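Remarks on the structure that follows.
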Amino acid sequence: MPRINSPGELEAVRREIESQADRAKPCVLICAGSGCIASGAAEVIAAFRAEIENQGLAVDIGTKGTGCHGFCERGPVVVLYPEEICYLQVKPEDVPEIVSKTLKGKEIVERLVYADRATGEKASRESEIPFYKNQQRHVIGSNVRIDPKSIEDYMALGGYTALSKALCDMTAVEVLGEIKKSNLRGRGGGGFPTGRKWEESRNAPGDIKYVIVNADEGDPGAYMDRSVLEGNPHSVLEGLIIGGWAVGACQGFVYVRQEYPLAVENLMIAIEQATEYGFLGQNILGSGFDFKVTVHRGAGAFVCGESSALMTAIEGKAGEPRPKYIHTAIKGVWDRPSVLNNVETWANVPLIIARGADWFTQFGTEKSKGTKIFSLVGKINNTGLVEVPMGTTLRDIIFKVGGGIPGGRKFKAVQTGGPSGGCIPESMLDLEVGFDELSKVGSMMGSGGMIIMDEDTCMVDVARYFLDFLADESCGKCVPCREGIRQMLKILTNITQGKGKEGDIERLEELAEVAGYAALCALGRTAPNPFLSTLKYFREEYEAHIRDKKCPALSCKELIAYYIDPNKCRACMTCSKQCPSNAIDGGKNRIHVIEQDKCTKCGTCFEVCPSRFGAVTKISGAPVPPPIPEEARIITRESKQK
Amino acid sequence: MDKEQIDKIVAKYHGEPSALIQILLDIQSENRWLPGEALQMVAEALDVPLTRIQHIATFYKAFSLVPKGRHEIHICMGTACHVRGASRVLDTVEGHTGIKPGETDLDMKFSLETVNCLGCCALGPVIEIDGKPHGRMAPAKALEVLKNYE
Ligand SMILES: Cc1cc2nc3c(=O)[nH]c(=O)nc-3n(C[C@H](O)[C@H](O)[C@H](O)COP(=O)(O)O)c2cc1C
Ligand code: SF4
Ligand code: FES
């Protein structure tokens, strides 16, 4: 690898890489993101390599494991270049056929292309599939083309030209000006204007300053930062170096959770490669700018995603927040000016510098510019990562991109913002996503978790779930958070167990108010949000739990019973065989009955009862009918009598 | 773990006390738990008080101060898995193994932990055993999977 010493040399190397990577040469790109790997992508990659070798095509056809393509629902995803044919849910058994038919014969394997579940309409290219068609994938789109372990792949797409532009054609102040002009707002939490934060650090006294990537991704239902870091680590690194230049920092840190070993691995490789090419180290691209990056693995504490706690953790201590009368941008790691930004924020920086602030501001709303990646999960047909311009309505994200709710169930709410966010009801589906729009309705953007809930999700339980998470994660430093959350959790748990009392809602509101005002860090201050937003939009569910001891969503274990309708049970024995607690009294030709005292309410019978019978039901707020008498349980089969 | 192994890890970070968390993570990943003697050795090598090390080892979730069982069960309690019924899976696994999250059974067969999003929500509820994800779990199915581990 040659060290690159000037923008001219960079362009020459880039051209050479481009000419070597014969654009027309067929290449099999297999998604190796966490979702596809869990669905067996590693085996599919191995099968492709073996089959291509077997058929003697190894010189003509390349294979590449790439970062997350986003369509996790239908993984493993395989894309064949240059035709861009997209095959979904590919199994190792399909590989020989793909190689013979498509790679050799240029013929499409129909059963592996996208088919719309409702209309049956087919689409053989990624760009034609509704899931992708309705997105604008500026940040995550490159994942599809890049082997994350290859800096050359990134450079072939123009990687590090933004760095060269920033260092050699622009002053640090101009770079800062461009970011300010773009109105880029932080993708990790509150949506703070990135340029303003940079400027604060730049103007702060001190020679030693730091820039930091927040890759702690604490939101328990989201994986977009992981996918950017795993799939395109150089984009984050390039953004960080540019940020260092603009702020006047010579050292960067990446705080990445150790639960993401692949992200750590790919990042380490990226740093090594960037150093060899001279994008990191001394006198980068001959500009005189020196910059190095250190990776700090987070050891698992949600609170360490908070800026002051994260910086304390980087110092090697227990990550507890501190009051922020003085911003971390002025006094951060070792009391030096430190700029902290989220993974996706950094990944946007090279795009803004390369294409200009005016390009960036074309997308989005007046106050929220650009695109945002969401981790669209839960009760949704197309689980995956989606990137849409700010200002897209929730309805479009959930129904156009996400394909709606599975199983014909009804949409109930969407939760955004993780444990600090809230639930947004159906009546607000036309809300345009943006930082201020989401805050206005009692939720927040957060880092981009978007969990879809249907009529089977209990909203009281959702509030309880998040407070349970936070009770565990509160660092314990301040009372309103440590004790307040614990008390709120206790009351909410009681309500979901049918032990709720009149006055509980008011008590919860009081605790919420205190935590919201008095907690030290945003973990405690925003902890009441899941409760407050569900109360605001779903108060009747709280009341049903408390007054009628009933869970309207039929979800809270202590408030429901499983019951087999004797008129519908056909004694197929499916449930009785699978019940882990042996709680079903049944047998051949005998109507099954659940012994309620043995039942652990695991719901297996409800899930396995064949849909043509639908004999198992859930009951809440009413007594379970008494079991039918022994003698009435025998089923005489008409067909056999004849 | 012997002193030599610990010294090697400490040397990788040039004996920098600020690398304490990184050093403990390396020990945790090699040894799967943090024995008392190892912490003592780290304290001496870095010249930091043992109490500070204990503070860190108990503050962060990645560290275990007790040995782990032969198989590590991680049940995803991420939001997506939660709304798809992960807690019913957890209850059933708890009932079957007799242990709660954070515990190891007496035969040292299973250690149980809950984790957050494993990045494969499309397959939720997900459980991971010894690093291998098992998707679309349901209570009875999870017990079937556990049967494969000795
Ligand atoms: C309890 C808590 C956890 C947080 N976790 C994260 C996180 O995992 N990732 C992240 O980028 N920001 C997280 N934040 C927000 C950060 O404090 C900070 O605002 C953000 O990283 C700044 O980057 P941005 O301006 O690019 O968004 C968290 C905040 C709090 C209070
Ligand atoms: S809910 Fe679970 S324990 Fe109860 S009868 Fe059905 S399968 Fe058995
Ligand atoms: S929430 Fe379980 S894998 Fe994402």
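Applying the Karplus parametrisation 6.51 cos²θ - 1.76 cosθ + 1.60 with θ = phi - 60° to the phi angles of segment B:127-140, what ³J(HN,Hα) value in whole Hz is obtained for each residue in order, glycine and proline being reported as x?
Per-residue couplings from phi come out as 10, 10, 10, 6, x, 9, x, 10, x, 6, 7, 9, x, 5 Hz.
Work out which residues of segment B:134-150 lose at minimum 30 square angstrom of accessible surface when the other protein chains are put back, relative to the chain isolated, with a 1.4 angstrom probe, and list them by number.
B:Pro139, B:Ala140
Dipole of segment B:5-150, Cα-centred, from +1 at each Lys and Arg C-beta and -1 at each Asp and Glu C-beta, to the nearest 20 debye?
Dipole about the Cα centre, nearest 20: 580 debye.
Along the charge dipole of the protein assembly as shown, Cβ charges K/R +1 and D/E -1, which of A:Phe538, B:Ser64, A:Asn54 sits furthest on the positive end?
A:Phe538
Which Rg and Dmax, in Å, describe the Cα atoms of the protein assembly as shown?
Rg, Dmax (Cα atoms, Å): 27.4, 95.
B plus A alone minus the pair: what accessible area, both sides summed, probe 1.4 Å, in Å² to 100?
Using a 1.4 Å probe on protein heavy atoms, the buried area is about 3500 Å².
Segment A:587-602: which residues show an accessible-area loss of 30 Å² or more, assembly versus chain alone, 1.4 Å probe?
So the qualifying set is A:Cys602.
Taking the 0 to 90 degree range and rounding to the nearest ten, how far is the long axis of helix A:529-547 tilted relative to the main principal axis of chain A, both from C-alpha atoms?
0
Lone cysteines in chain B, going by a 4.7 Å Cβ-Cβ cut-off?
B:Cys117, B:Cys120, B:Cys121
Just how many pairs of Lys in segment A:381-523 have C-alpha atoms closer than 18 Å, counting pairs that are eight or more places apart or on different chains?
Going through segment A:381-523 pair by pair, I get 4.
Give me the percent of the accessible area of segment A:507-642 that comes from carbon and sulfur atoms, probe 1.4 Å, all protein chains in place.
Carbon plus sulfur share of accessible area: 52 percent.
What list of ³J(HN,Hα) couplings, whole Hz, do you get for segment A:600-608 from phi and the Karplus terms 6.51, -1.76, 1.60, once you set θ to phi - 60° and write x for glycine and proline?
Per residue, the Karplus-derived 3J(HN,Hα) values read 9, 6, 7, x, 4, 4, 4, 6, 8 Hz.
Using a 1.4 Å probe, what is the accessible area per residue for the protein assembly as shown, in Å²?
Ligands and nucleic acids excluded, the result is 40 Å² per residue.
Accessible area of A:Trp359, 1.4 Å probe, to the nearest 10 Å²?
Taking all protein chains as shown, A:Trp359 has close to 40 Å².
Return an integer: the convex hull volume of the alpha-carbon atoms of segment A:557-641, in Å³ per residue.
Residue-normalised Cα hull volume stands at 93 Å³.
Identify, among A:Leu385, A:Gln258, A:Gly316, the residue whose Cα sits farthest towards the positive end of the charge dipole of the protein assembly as shown, taking +1 on the Cβ of Lys and Arg and -1 on the Cβ of Asp and Glu, with the dipole about the Cα centre.
Of the candidates, A:Leu385 comes out farthest on the positive side.
Once you put a point 7 Å from the Cα of A:Thr294 and another 7 Å from the Cα of A:Gln497, both along the Cβ direction, what distance in nm separates them?
According to this spin-label approximation, the distance is 4.7 nm.
May I ask you to rank A:Arg137, A:Arg49, A:Arg3, A:Arg612 by accessible area, largest first, using a 1.4 Å probe over the protein chains only?
Sorted descending by solvent-accessible area, the residues read A:Arg612, A:Arg49, A:Arg3, A:Arg137.
Based on the alpha-carbon gyration tensor of segment A:300-347 and its eigenvalue square roots a ≥ b ≥ c, which shape applies: rounded if a/c is under 1.5, prolate if not and a/b is larger than b/c, or oblate?
Taking the square roots of the gyration eigenvalues as a ≥ b ≥ c, segment A:300-347 is oblate.
Taking A:Lys106 as the anchor, which lysines have their alpha carbon closer than 25 Å to its alpha carbon, excluding any fewer than eight residues away along the same chain?
Of all the lysines, those that pass the test against A:Lys106 - Cα under 25 Å, at least 8 places apart if same chain - are A:Lys25, A:Lys64, A:Lys91, A:Lys122, A:Lys133.
May I ask you to evaluate 6.51 cos²θ - 1.76 cosθ + 1.60, the Karplus curve with θ = phi - 60°, for each residue of segment A:147-155 and list the ³J(HN,Hα) values in order in whole Hz, giving x for glycine and proline?
7, x, 8, 10, 5, 5, 4, 5, 5
Report the semi-axes of the equivalent ellipsoid for segment A:371-457 in whole Å, largest first, where each axis is √(5λ) for an eigenvalue λ of the Cα gyration tensor.
Computed over segment A:371-457, the values are 18, 14, 11 Å.
Leaving out ligands, DNA and RNA, what percent of the accessible area of segment B:62-150 is carbon and sulfur, probe 1.4 Å?
Within segment B:62-150, the accessible surface is 52 percent carbon and sulfur.
Given the options A:Pro626, A:Val593, A:Thr636, identify the residue whose Cα lies farthest towards the positive end of the charge dipole of segment A:586-642 (+1 on Cβ of Lys, Arg; -1 on Cβ of Asp, Glu).
Result: A:Thr636.
How much solvent-accessible surface does A:Phe606 expose, in Å² to the nearest 10, with a 1.4 Å probe and all protein chains in place?
Solvent-accessible area, nearest 10 Å²: 90 Å².
The values are calculated or read from the model by the stated rules, or taken from the named source; none is laboratory data. If you're wondering where the values come from, they're calculated on a predicted model, not measured in any experiment. Virtual Cβ from ideal backbone geometry, glycine too; neighbours counted across all protein chains shown. Ligands, DNA and RNA are excluded from the accessible area calculation, which covers all protein heavy atoms including side chains. Shrake-Rupley method; radii C 1.70, N 1.55, O 1.52, S 1.80 Å.
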